[in-house]
1. Taking the residues in segment 20-63 that are at pLDDT below 95 and not aromatic (Phe, Trp, Tyr) as candidates, determine which candidate is farthest from His79 (Cα to Cα).
2. Output the residue which, of all residues in segment 75-89 that are touching a residue at least 12 places away in the same chain (Cβ under 8 Å) and out of contact with any helix residue (DSSP H, G or I) (no Cβ under 7 Å at 6 or more places or on another chain), is nearest to Gly21 (Cα to Cα).
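The values are calculated or read from the model by the stated rules, or taken from the named source; none is laboratory data. Keep in mind that what you see is a predicted model, and the values were worked out from it rather than measured. Cβ: placed from backbone, ideal geometry, glycine included. Neighbour counts: every protein chain shown.
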Amino acid sequence: MEKQGTKTQYEEDVELLEDSGCSLVLHNDDYHSFDYVIKALVDICRLSTEQAEQCTILVHYKGKCVVKNGGYNELLPMHTALLAKQLTSEIVR
């Protein structure tokens, strides 16, 4: 017989695994400066300055870039904060 606590932990583990396959994607726009986007990525997504610069260059030339991978619940506050700074982002699975 399986204990209820073990089953609950298993269900939580499965939910965590299912939730971890998301990416935060930043899209290009013609309105914000490189410095503005770099600062936002450092402050909001906790990227290093070098990572933020690379992402910004990729966004500029490729149109979009994955800036962070993780769980949906981890990425949602970052996505919301980027939108609040009027940057275009999305969370994809």
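1. Within segment 20-63, the subset at pLDDT below 95 is 20-21, 29-31.
Now narrow it down to the ones that are not aromatic (Phe, Trp, Tyr): 20-21, 29-30.
Numbers: Ser20: 15, Gly21: 15, Asp29: 16, Asp30: 19 Å.
Across segment 20-63, the extreme among qualifying residues is Asp30.
2. Here is the first cut: in segment 75-89, the residues touching a residue at least 12 places away in the same chain (Cβ under 8 Å) are 75-76, 78-79, 81-82, 85-89.
With the extra rule that they be out of contact with any helix residue (DSSP H, G or I) (no Cβ under 7 Å at 6 or more places or on another chain), the set shrinks to 75-76, 79, 86, 88.
Numbers: Leu75: 11, Leu76: 13, His79: 15, Gln86: 25, Thr88: 20 Å.
Residue satisfying both the conditions and the ranking: Leu75.
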